[in-house]
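My questions all concern the structure below.
Every read-out reported here was derived from the displayed coordinates using simple, explicitly stated rules and does not represent laboratory data. All of these numbers come straight from a predicted model, not from anything done at the bench. Note that each Cβ is placed from the backbone with ideal geometry, even for glycine, and that neighbours are counted across all protein chains shown.
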Amino acid sequence: MHIVVCIKQVPDSAQIRIHPVTNTIMRQGVPTIINPFDLFALEEALALRDRFGGTVTVITMGPPMADAALRKALSFGADRAILLTDRLFAGSDTLATSYVLSSAIARIGQETPVDMVFTGKQTIDGDTAQVGPGIAVRLGLNQLTYVERIVELDPSLRRIVVHRRAEGGVQVLETRLPCLITMLEGTNHIRFAGMDDMFRAARAEIATWGAAEAGVDEPGRCGLRGSPTVVKKVFAPTPRTEKATPIETSGKSPQEIADAAIDVIFAAKPSLRSEMAGRRQAG
Amino acid sequence: MMINSVKVEEKLFQNRYVVDEGRPHISISEPLKASPALRTLVDICPAGCWSVQPDGQLSGTLDGCFECGTCRIVAKAVGQEIQWAYPRGGYGILYKFG
Amino acid sequence: MPERFDAIVVGAGPAGNAAALTLAEAGVSVLLLERGEYPGSKNVQGAIMYADQLQALIPDFRDDAPLERHIVEQRIWMLDDSAHVGTHYRSDGFNEELPNRYTIIRAQFDKWFAKKVQAAGALLICETTVTELLKDGDRVVGVRTDRAGGDIHADVVILADGVNALVAQRSGLRDELKPDNVALAVKEMHFLPEEVIQQRFNIGENEGVVIEAAGTITDGMLGTGFIYTNRESLSVGIGCLVSDFAASKTRPYDLLERFKQHPSIRPLLAGSEVKEYAAHLIPEGGYRAVPKVFGDGWLMAGDAGQFVNSLHREGSNMAMTTGRIAAETVIDLKREGKPMNGRNLSLYRKRLEDSYVMKDLRKYRDLPQVLHRNKQFVTTYPKLLAGAADTWFRVDGVDKRSKERQIVRSFLKGRSLRGLVGDALRLARAVR
Amino acid sequence: MPDAKRPTPARPGAAGRSKELPEHLKAYKGVWVFVELERGQVHPVSWELIGEGRKLADTLGVEVGAVVLGPPAGRVGAVAAEAAHYGADVAYVIESPVLADYRTVPFTEALTDLVNTFKPEILLLGATTLGRDLAGSVATTLATGLTADCTALAIDLETRSMASTRPTFGGSLLCTIHTLNFRPQMATVRPRVMEMPAPDPARQIRVVAHHLDMAEDDIVTKVLDFIPDSDQDKARLAFADVVVAGGLGLGGPENFALVKDLASVLGAEYGGSRPLVQKGWITADRQIGQTGKTIRPKLYIAAGISGAVQHRVGTEGADVIVAINTDAKAPIFEFATYAIVGDALTILPALTEAFARRLGAQRAVAAE
């Protein structure tokens, strides 16, 4: 089994704050992490390798400092890591990113055929969920998104059965390798690596591929030039002109406040009174 | 000066933690009746991790822990032991500024 | 085959980084282990970095170290509930070519420092907690980490794992900290635009101010509050002895809030955005609290060895110095082909005694006890001073001679002549 | 002097960043909505999007097209007719056995074929697992841009281009994205973000039937089974009329019961802000906000929630928002309808008691 896992280094968006006075993003001290969704993909790939043997290759497209994410992936047990970095790639949207990644995976596959490609279901900084499907389309891989569980996998028959999350239930899908899987969150837990993997990762040389090495033959399809979408503006939401109407609380007991609140609610939404009473009766 | 006790949870929300779920790094081996001396932990823990349960037992919610060691030192000083270790590598509080 | 190194350094803070850098530069094979996600992610400091000891390790550190501002002004404030009396020392002399003190942000600084250590040839592994020491009889032969297959061997282990020194404690090399030997400090990072900070503190670009404040703000506990200016943020914190926190059952975050609400402090923070709340212990026991810092196959440096001069707020420079001296001791023994046993490693302690580290700690060896037994320094005096200033500066028709008498009376009433003289003597003796 | 009328080269790239659309893309007209029809049911987000698509189409002066895919002798015809009620002018339908259950390949093939044949300028899909899967494949196949999880759509009349606004940086900021020089412009929108239009049963649809040239043998992936969710206790936040939620201001997990108590008296759903999920006080399916559920209740009571942007975008659709917070400067008071500056721990129980008393009286009146 040769599994390629695509990861992305992202800012830990939970740590991003907007300055209340200046309304600007405060980027200081926002650490970069492996996109949390990608860790579910990585763990699933590592578990399959542990079970069936083979190799896990981790790739990422990003600036040179993204090698930290790859080193971390190696410490979790990935066998090989390749950083795709080139000025041509800068400013890529999801369409352009899937072009670069799929070119690189095709190149990797020339050395050792790729059986499966894993990605997270989406990134936390873009949330577009298009890169995985994009790679599948470009490489002609069978596409399995939002996978909750791999139910069966037979590498010799090249057959796979998965549970795929759908609205209101789970689809049981069967398909053939090679395939692309985007893993749903919460499906597994990334392992706590052994000391030998920590040493291996600390000493590893991370391979770095530019556009040429990654097999990107049409520079116009990556980077800003190959990105149909353009971010026109980034802004903090403007406060509504009319602020909330205060319900007087000073010197009032909680009971008085509650009754005043209910009065204004029912005044604003008279239908609620009977609807709520009806629901109480029904329930 | 009058000041209401601030909600420490709101302060902790500014911080970055990677919680090692299911592996608390601080524990109390046997049910520990919160003696008056130990009850001080409820107040002096800078992350507000400790509370006293209705049955009088001391209980810790360690998600916001700073790994500072205050509770271990104070408990030891009054002759009681708290099993206190650092979280596994990479887990726990991760300071952005420190 | 387990991994083997000449030396293992536990903890990538100032002490561990200094030790690993010194070792690596001398060609010693060294592994630096850090339990945080990256060096600095578990570390908290005010933080002031003193240039001289850093310069001894990295002469050109000013080229790329993440330095915030160099200090041009030091304010020491005595606070009562509504006022402060203070001294300011500001000098353009501090705007020298190679400034002496900088504010830093530890998470960034330690990460930078560790990169230098790696560049010098040390192997850095993060996210790995050392749980105990590997021993052969009494001799330390390596460390055990929390990872599978985590035994790593070395000729010598330098413990630079910080104030709690858990590794040494577990291995019976050090006792538990005492609540009256250690302070608990809480701290917030308040972000403000660079220009606002410069305007508010009356400083230029890159210039910084340090405010240390003591007084009734700590509610009778022995401790100080502080504000340090960083480039786009203020480090705002307050710390008191753990024993005082325990005795008074004060919530540290309430204390910090009260400090922030003080009329002299609040305007400095107005409109800021808090991005982190941190807490950490600071060893304050001084000379008498320094444990045994060497033994068969091991050395101890930095906060783990309680090397902190609390009066002068010096910790990280002592950490760097002790880390460096520990490493130099190892290098010298290795060069001479001597084994890393306790007898040979005792050279480390001798060298510390000859350095400013132990000289300074010895000078103030009685101070912690004196201050601890004499809370009037943080209770009565600030009030008296503020009251005196109020009397003196208020123009209210009372003649100046009467004002002087009033002030003297207030001191005698507040602290009696005997008390005043005694305090002066006690303080003088403790710091002589 | 540059000739303003000279057409820009019809190729992507730096030169293609001008405002003028290449000639061959000007043929793309109309706003399309992909109608999500699964196991005989239409996902409500599709109707919400037809309502939104109607507004965009009216601005542009074009038609709204509804794409309905499904198996023969199924509900395709009926759903196409229903699409008109919500505002569609024309339905593009394909009936084929390979479209019985959702699978990426046949649905991608069907939708891209329709787009290439009939050339819509805008294509909207629901940000459901189905919609996101399909949108990603279709956008790559068409080599066009896709903006996911939009909270607002608008038309820049000067360029006839769609301005898609969506939260970014973990939901603390918004950004507006355009797809330049590529058509169609694709966007996904989460359920309950757009308003559900009032259906007009008198409206008629024009049906354009299309053929999909694909047989089951052409498709590798097979659907073996569908296991419906059985969990009865599942949160139905998205469609609840009344929602009560708590935040960190409640102080501790033990106080969250106050939220549940009030919800129970009101027959409401309960939920919480993101930090509560992170802290494990509530499960992820009860998280309200951009990264959780978007809600559009008639009444939303938020207790101890400060109201970060990520929470705001998930709740702004509520008719009445009552916010309880000790901090008078909390951002939630900027978008709430009513502000109660006070401690949720005392006001929540008082509300529970008062609602119970008054609704009880109401019920007595109703029973007479």
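So how tilted is helix C:14-25 from the main axis of chain C? Cα-based, degrees 0 to 90, rounded to 10.
So the inclination is approximately 40 degrees.
For segment A:2-221, what does the alpha-carbon gyration tensor say about shape, rounded, prolate or oblate, given a ≥ b ≥ c as the root eigenvalues, a/c under 1.5 as rounded, and a/b over b/c as prolate?
Cα axes put segment A:2-221 in the rounded bin.
Sequence gap of 8 or more, or different chains, plus Cα separation below 30 Å: how many lysine pairs satisfy both in chain A?
For chain A, qualifying lysine pairs total 12.
A follow-up question, please. Residues with beta-carbon under 14 Å from that of B:Arg88, excluding B:Arg88: net charge, scoring Lys, Arg +1 and Asp, Glu -1?
-1
Scan segment C:178-276 for chymotrypsin sites (Phe, Trp or Tyr not before Pro) in coil per DSSP, keeping those whose Cβ has at most 14 other Cβ atoms within 10 Å, and list them by number.
none
In percent, what relative contact order does segment A:138-194 have, based on Cα pairs under 8 Å that are 6 or more apart in sequence?
Relative contact order, segment A:138-194: 38 percent.
Using DSSP, restrict attention to beta bridges with both residues in chain C and report what percent are antiparallel, rounded to the nearest 5.
Bridges in chain C that DSSP calls antiparallel: roughly 70 percent.
Grab the DSSP H runs of the protein assembly as shown that are 4 residues or longer, score each as -39,500 (n - 2.57), total them, divide by all residues and round the 222 nm result to the nearest 500 deg cm²/dmol.
Value at 222 nm, helices only, nearest 500: -9500 deg cm²/dmol.
State the Cα centre-to-centre distance between segment C:360-377 and segment C:385-432 in whole Å.
Cα centroid of segment C:360-377 versus Cα centroid of segment C:385-432: 22 Å apart.
Continuing with this model, one more query. Just to confirm a number: summing +1 for Lys and Arg and -1 for Asp and Glu over residues other than C:Asp219 whose beta-carbon lies under 10 angstrom from that of C:Asp219, what do you get?
Net of charged neighbours comes to -1.
Less than 28 Å apart at the alpha-carbon level, and either on another chain or at least 8 residues along: which lysines does that give for C:Lys260?
B:Lys7, B:Lys11, B:Lys96, C:Lys42, C:Lys187, C:Lys249, C:Lys275, C:Lys375, C:Lys383, D:Lys279, D:Lys329
Within segment C:306-349, which GluC sites (Glu not before Pro) sit in a loop by DSSP and count at most 13 neighbouring Cβ atoms inside 10 Å?
Counting only loop positions with at most 13 other Cβ atoms within 10 Å, the GluC sites (Glu not before Pro) in segment C:306-349 are C:Glu336.
So, one more: Take the Cα atoms of chain D, find their three principal axes, and give me the spread along each one in whole Å, biggest first.
Principal extents (Cα only, largest first): 67, 59, 41 Å.
Test of understanding: extend the Cα→C-beta vector of B:Ser27 to 7 Å, then name every residue of segment B:58-89 with backbone N under 14 Å from that spot.
Once the point is set 7 Å along Cα→Cβ of B:Ser27, B:60, B:62, B:82-88 turn out to lie under 14 Å by backbone N, inside segment B:58-89.
Now a separate question. Would you mind giving the three semi-axes, in whole Å and largest first, of the ellipsoid equivalent to chain C according to its Cα gyration tensor?
42, 24, 19
Quantify how strongly other chains surround peptide A:113-122 by giving the mean number of their Cβ atoms within 10 Å of each of its Cβ atoms.
Mean number of neighbouring Cβ atoms from other chains: 1.
So the label point goes 7 Å from the Cα of C:Arg4 along Cα→C-beta, right? Which residues of segment C:141-173 then have their backbone N under 15 Å from it?
Under cut-off, by backbone N: C:141-143, C:151-156.
Continuing with this model, one more query. Can you tell me the orientation of helix D:44-60 relative to chain D, as the angle in degrees between its alpha-carbon axis and the longest Cα principal axis, to the nearest 10?
60
I'd like the distance between the alpha-carbon centres of segment A:179-252 and segment C:1-57, rounded to an integer number of Å.
Cα centroid to Cα centroid, the span is 32 Å.
With only alpha-carbon atoms counted, please give the Rg and Dmax of the protein assembly as shown, in Å.
Answer for the protein assembly as shown, Rg first and Dmax second: 33.2, 109 Å.
OK, next. Under the classification rounded if a/c is under 1.5, otherwise prolate if a/b is larger than b/c and oblate if not, where does chain B fall, given a ≥ b ≥ c as square roots of the Cα gyration tensor eigenvalues?
The shape class here is oblate.
Dipole magnitude of segment A:244-283 about its Cα centre, charges +1 at Lys/Arg Cβ and -1 at Asp/Glu Cβ only, in debye to the nearest 20?
With Lys and Arg at +1 and Asp and Glu at -1, about 220 debye.
So, R0 is 41 Å and r is the distance between the beta-carbons of C:Glu212 and C:Asn341; what FRET efficiency does that work out to, to 0.05?
For C:Glu212 and C:Asn341, the calculated efficiency is 0.40.
In addition: Expressed as a rounded percentage, what relative contact order does chain C have, with Cα pairs under 8 Å and six or more residues apart?
Once normalised by length, the contact order is 20 percent.
Roughly how crowded by other chains is peptide C:32-43, in terms of the mean Cβ count from those chains within 10 Å of each of its Cβ atoms?
Across the residues of C:32-43, the mean count of other-chain Cβ atoms within 10 Å is 5.
Relative to the longest principal Cα axis of chain D, at what angle does helix D:257-266 sit, 0 to 90 degrees, rounded to 10?
For D:257-266 against chain D, the angle is about 80 degrees.
A further question follows. Roughly how many whole Å is it from the C-alpha centroid of segment D:190-261 to that of segment D:101-143?
For segment D:190-261 versus segment D:101-143, the Cα centre distance is 19 Å.
Defining a contact as two alpha carbons under 8 Å apart and six or more residues distant in sequence, what relative contact order in percent does chain A show?
22
What shape does segment D:271-318 have by the C-alpha gyration tensor, where a ≥ b ≥ c are the square roots of the eigenvalues, rounded means a/c under 1.5, and otherwise prolate means a/b greater than b/c and oblate the rest?
Taking the square roots of the gyration eigenvalues as a ≥ b ≥ c, segment D:271-318 is prolate.
Once you list every other residue whose beta carbon is under 13 Å from the beta carbon of D:Tyr28, what net charge do they have if Lys and Arg are +1 and Asp and Glu are -1?
+2
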